[in-house]
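The values are calculated or read from the model by the stated rules, or taken from the named source; none is laboratory data. Nothing here was measured: the structure is a model prediction, and the numbers come from that model. Cβ sites come from the backbone with ideal geometry, for glycine too, and all protein chains shown count toward neighbours.
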Amino acid sequence: MTWKHLSLSVTGKSHSDRNEPGQDYCRTGALRFSDRDFFIGLAADGAGSTTHGGMGAEIACETLYLRILSVIREGDNISSITDDDIRAWVTASREAIATRAQADGKRIKDYACTLIGVVATSDQALYFQIGDGCIVTSNGTGYRTIFWPEQGEYANSTYFISDDTFLAHIKIDRYEAAPEEIALFTDGLQNLVLSFSTRTVHDGFFRPLFAALRKKPDNGFADLTTHLTALLSRDDVNARSDDDKTLILAVNVQVS
């Protein structure tokens, strides 16, 4: 097995106090096709001002996951995936959300969500994002962000897949070497694990989590997930961020 990974979403206090479901969603997979191992990680955050942002986040992630699986199953190397291909994936997710909105008699902006994604093999990785949240990676020499969380025109605003201008806000990057460690997280965590004044990562948050994940046997993630869920639900954490918190962690075990 090349990739170990775990994912969790914790409902923020702002929602739980009102007996509302969380609006984050994530989808992950470690797969092997044509003698190559792939990791797929996707996370989305439904806009807090919407009525169906959580549904939009789920549709976006699930639609994208199926699109990526289709490409992988065709045997394509991810180096052959173009920026236009990624834009087509995101557009398909937006169209799926629009279809659901129409069926529900609602507007697409009622399903507004951000989107973060990674597709990696043992030797390549591609990343894409709309809006805030973040992707953090490491190759053993410290942690770095792939994109800085994108803020909108106004305070506490960002960009969404439902925006008419969504194509202008898709960030895409790729590397010919896959990282040893990958983290994706929604904006409920970004103020806790990033320094906005220096645009750096709080290494002390991620280093022990990745070390614990790397040491766990393949069937031993449940207790680590339980520990992380409890950590992100603590009162002192909620005092700093009462939003939903989604975290995806993945380690490339070939390099250990």
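Anything in the stretch 163-179 that is in contact with a strand residue (DSSP E or B) (Cβ under 9 Å, 6 or more places away or on another chain), outside any strand (DSSP E or B) and at pLDDT 95 or above? List them, or say none.
Listed by number, the residues that qualify are 163, 166, 169, 170.
Check the stretch 211-231 and report whether any residue there is closer than 24 Å to residue 126 by Cα, basic (Lys, Arg) and at pLDDT 95 or above.
No, because not a single residue in the stretch 211-231 is closer than 24 Å to residue 126 by Cα, basic (Lys, Arg) and at pLDDT 95 or above.
Can you name every residue in the stretch 50-81 that is over 20 Å from the mean Cα position of the chain (by Cα) and part of a loop (DSSP other than H, G, I, E, B)?
51, 74, 75, 76, 77
Kindly indicate the residue of the stretch 1-49 that is of a type in the set (Val, Ile, Thr) and more than 15 Å from the chain's Cα centre (by Cα) and also nearest to residue 211 (Cα to Cα) among those meeting that condition.
Among those that are of a type in the set (Val, Ile, Thr) and more than 15 Å from the chain's Cα centre (by Cα), it is 2.
May I ask you to verify whether residue 137 is part of a loop (DSSP other than H, G, I, E, B), over 22 Å from residue 55 (Cβ atoms) and of a type in the set (S, T, N, Q)?
In short, no.
Counting just the residues of the stretch 82-125 that are without any contact (Cβ under 8 Å) to a residue 24 or more places away in the chain and either acidic (Asp, Glu) or not in a helix (DSSP H, G or I) (or both), which one comes out farthest from residue 151 (Cα to Cα)?
Once the filter is applied, the top-ranked residue is 105.
Taking the stretch 228-252 as the search range and keeping residues that are in contact (Cβ under 8 Å) with a residue 12 or more places away in the chain, assigned to a helix (DSSP H, G or I) and in contact with a helix residue (DSSP H, G or I) (Cβ under 8 Å, 6 or more places away or on another chain), which one is surrounded by the fewest Cβ atoms within 10 Å (Cβ to Cβ)?
The selected residue is 240.
Among the residues that make up the stretch 182-195, is at least one of them loosely packed, with under 15 Cβ neighbours inside 10 Å, free of Cβ contacts under 8 Å to residues at least 12 places away in the same chain and either outside any strand (DSSP E or B) or at negative phi (or both)?
Yes, the stretch 182-195 has at least one match.
Among residues belonging to the stretch 66-104 that are farther than 18 Å from residue 162 by Cα and of a type in the set (Lys, Arg), point out the one that is modelled with the lowest pLDDT.
So the residue we want is 73.
Answer yes or no: is there a residue in the stretch 144-157 that is touching a residue at least 40 places away in the same chain (Cβ under 8 Å), in contact with a helix residue (DSSP H, G or I) (Cβ under 6 Å, 6 or more places away or on another chain) and either part of a strand (DSSP E or B) or within 14 Å of residue 56 (Cα to Cα) (or both).
Within the stretch 144-157 (the criterion being touching a residue at least 40 places away in the same chain (Cβ under 8 Å), in contact with a helix residue (DSSP H, G or I) (Cβ under 6 Å, 6 or more places away or on another chain) and either part of a strand (DSSP E or B) or within 14 Å of residue 56 (Cα to Cα) (or both)), the answer is no, since none of the residues qualifies.
Within the stretch 8-21, can you find the residues that are surrounded by fewer than 22 Cβ atoms within 10 Å (Cβ to Cβ) and under 21 Å from residue 59 (Cβ atoms)?
Scanning the stretch 8-21 gives 8, 11, 15, 20, 21.
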